[in-house]
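Contents: one structure, followed by commentary.
The values are calculated or read from the model by the stated rules, or taken from the named source; none is laboratory data. Worth saying up front: this structure is predicted, and the values here are computed from it rather than measured. Cβ coordinates were reconstructed from backbone atoms using ideal geometry, including for glycine residues, and neighbour counts include every protein chain displayed. Quick note on the areas: whole protein, heavy atoms, side chains included, nothing else; ligands and nucleic acids left out. Shrake-Rupley method; radii C 1.70, N 1.55, O 1.52, S 1.80 Å.
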Amino acid sequence: MATILSANRPTRLSQAFHNNFEILGELGASVSIWQHGQEIIGLHRGYANREQTKPWSARTLVPVYSATKGPASACLLLALYEHGATPFISIGDLWPRFPMPHATIAQVMSHQCGLAGLSRSANLFDQADCVAAIEETPCAWAPPIHGYHPHTFGPIMDEIMIRLTGETIAAWWEAHIRKPFHLDLYIDTPESCFSRIATLYPGKAEQSQLSSDFYRAYLKPGTPIFRAFHSLQGINTVRQMNSPMGWLCTSPAYGGIASAHALAKFYQICLGNLTLPGSQKPFFPDEVRTWMSTIITDGFDQTMLTRTAFSCGFMMDPRNPQTGMPLRNLFGFEGFGHAGAGGSHAFGDPATGISFAYTMNHMDLHVLPGQKTQMLVYALMGFAKQSIET
């Protein structure tokens with residue numbers, strides 16, 4: 001398969017990237033495209049702060065919110081494999097007091113167990129409190145119904161990992177994936193990296209967005225959707241995410257701090273295109289990569305109020321693209337990744353060997369990929385088609 005294009009050639013993708021600044025008001029951003037183990041496009045522009053005293057570079061880090069869920073899910077899937085288990089075992093085998101013990105870990109990772117919002121508030125930084133609140137909460141739905149768990153996904157995943165390995169996902173990620181591959185992608189960012197972290201700025205809501213069913217419910221205390229985004233207390237504002245409290249957060253749901261380069265490189269590892277030094281084997285076994293790229297649930301999302309699809313922890317495109325495209329991958333339905341609130345996004349596409357990541361600091365009012373990300377992916381799709389036809 002031919003490479004999409006040379007890294008220095010003017011492209012529709014670079015034009016789309018610059019349009020994000022000239023037309024859509026981006027402040028600072030990076031986009032990184034890899035194929036077959038090599039970065040083929042790396043663009044960055046703008047500033048890491050509104051005062052424009054910190055230029056945005058390829059090494060700029062930024063909180064990526066739920067784009068953290070992809071790396072976190074990869075950790076748990078590989079840990080299961082290494083312990084001779086699969087995501088299709090019952091979660092009750094590891095966590096007997098889980099409210100739906102007969103559900104499989106795959107069903108939990110694909111948001112099918114109705115615990116998006118808890119029956120009481122819990123402290124994000126207190127795992128025991130989170131676990132107690134989860135165990136006290138009746139499940140709002142059961143498989144095959146699903147609804148995105150934006151925050152509770154974190155302590156649920158951590159508890160499974162702790163019971164399986166004795167380690168949190170953040171610790172397991174650091175030792176088993178981040179350090180060996182030298183990834184600028186942290187779940188618990190070291191103080192030495194703080195100076196490279198961009199400041200996030202919240203987007204301004206348009207009336208058309210605020211009048212949608214999702215945002216009306218999101219903004220109304222007491223609704224299931226409000227609880228899904230507010231049950232866990234500790235980091236609930238952009239200001240908190242711009243502080244050491246946010247940078248040191250170890251939540252597998254939204255604690256990640258990353259560069260676009262590192263996120264796209266991570267998905268090359270998931271695709272089997274990057275190996276550890278001295279190894280010829282893909283880091284993730286074929287079985288694990290199948291778990292990443294196989295749809296587990298596809299349908300109307302009880303939280304997002306639109307059609308979504310998930311594998312074991314990764315966003316995918318619904319099988320019927322006319323009804324919703326949360327990932328907007330390149331070909332078929334094997335592309336897998338995860339969006340982050342405000343605009344960060346990353347995915348890998350097995351059909352082309354391509355991985356993509358976009359990071360930014362001027363947030364959109366979106367949980368799923370917004371216009372800036374979509375325009376980049378549409379431009380990339382044109383080039384990907386050219387490479388297939390070559």
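Assign one of three labels to region 217-375, namely rounded, prolate or oblate, based on the Cα gyration tensor with a ≥ b ≥ c the square roots of its eigenvalues; rounded applies when a/c is under 1.5, prolate when it is not and a/b is larger than b/c, and oblate otherwise. Note, shape of region 217-375 comes out oblate.
In this structure, the amide hydrogen of Ile354, modeled 1.01 Å from its nitrogen in the peptide plane, lies closer than 5 angstrom to those of Asp349, counting only residues at least 5 positions away or on a different chain. Rounded to the nearest Hz, the phi-derived 3J(HN,Hα) couplings of region 101-116 under the Karplus curve 6.51 cos²θ - 1.76 cosθ + 1.60 (θ = phi - 60°) are x, 7, 5, 7, 4, 4, 5, 5, 5, 9, 6, 9, 10, x, 10, 5, where x marks glycine and proline.
Positive end of the charge dipole of the chain (Lys, Arg +1 and Asp, Glu -1 on Cβ, about the Cα centre): tell me which of Gly28, Ile177, Ile156 has its Cα farthest that way. It is Gly28, whose Cα lies furthest towards the positive end. Computed in the context of the full set of protein chains, the accessible area of region 154-199 at 1.4 Å probe radius has 48% of its extent on carbon or sulfur.
Relative to one another, the C-alpha centroids of region 219-268 and region 31-109 are positioned 12 Å apart. When you count the other C-beta atoms within 10 angstrom of each residue and take the mean per peptide, 218-228, 296-306, 257-267 line up highest first as 257-267, 296-306, 218-228. One chain, two ends: Lys281 and Glu82. Fully extended at 0.36 nm per residue, the span grows by 70.1 nm beyond their Cα-Cα distance.
Residues considered: Gln268, Gln15, Gln374. Largest GNM mean-square fluctuation over the chain, using C-alpha springs under 10 Å, is found at Gln15.
If the segment from Arg12 to Arg163 were pulled out straight at 0.36 nm per residue, it would be longer than the present Cα-Cα gap by 49.6 nm.
If R0 is taken as 25 Å, the Cβ-Cβ distance between Leu210 and Asn19 corresponds to a FRET efficiency of 0.50.
Computing FRET efficiency as 1/(1 + (r/R0)^6) for Cys193 and Glu51, where r is the C-beta to C-beta distance and R0 is 30 Å, gives about 0.90. For the chain, modelled as a Gaussian network with Cα springs under 10 Å, which listed residue fluctuates most, Glu51, Glu159, Glu82? Result: Glu51 has the largest fluctuation of those listed. Taking 0.36 nm per residue of separation and subtracting the current Cα-Cα distance, fully stretching the chain between Thr237 and Gln374 would add 46.8 nm. For semi-axes √(5λ) of the Cα gyration tensor in Å, computed directly from the structure shown, the correct entry in [x] 37, 22, 19; [y] 51, 24, 22; [z] 29, 24, 21 is [z]. Counting only DSSP H runs of at least 4 residues, each contributing -39500 (n - 2.57), and dividing by the residue count of the chain, the helix-based mean residue ellipticity at 222 nm comes to -8500 deg cm²/dmol. Per residue, the chain exposes 39 Å² of accessible surface when a 1.4 Å probe is rolled over the protein heavy atoms with every protein chain present.
Rounded, prolate or oblate, given the Cα gyration tensor of region 135-212, with a/c below 1.5 counting as rounded? Because a/c hits 1.5 or more and a/b fails to exceed b/c, region 135-212 counts as oblate. Measuring nothing but protein heavy atoms, the accessible surface of region 14-103 at 1.4 Å probe radius is 50 percent carbon and sulfur.
Put simply, when 37-46, 346-355 are sorted by average Cβ atoms within 10 angstrom per residue, most first, you get 346-355, 37-46.
How do the peptides 168-176, 269-277 rank, highest first, by the average count of neighbouring beta carbon atoms within 10 Å per residue?
Result, highest mean Cβ count within 10 Å first: 168-176, 269-277.
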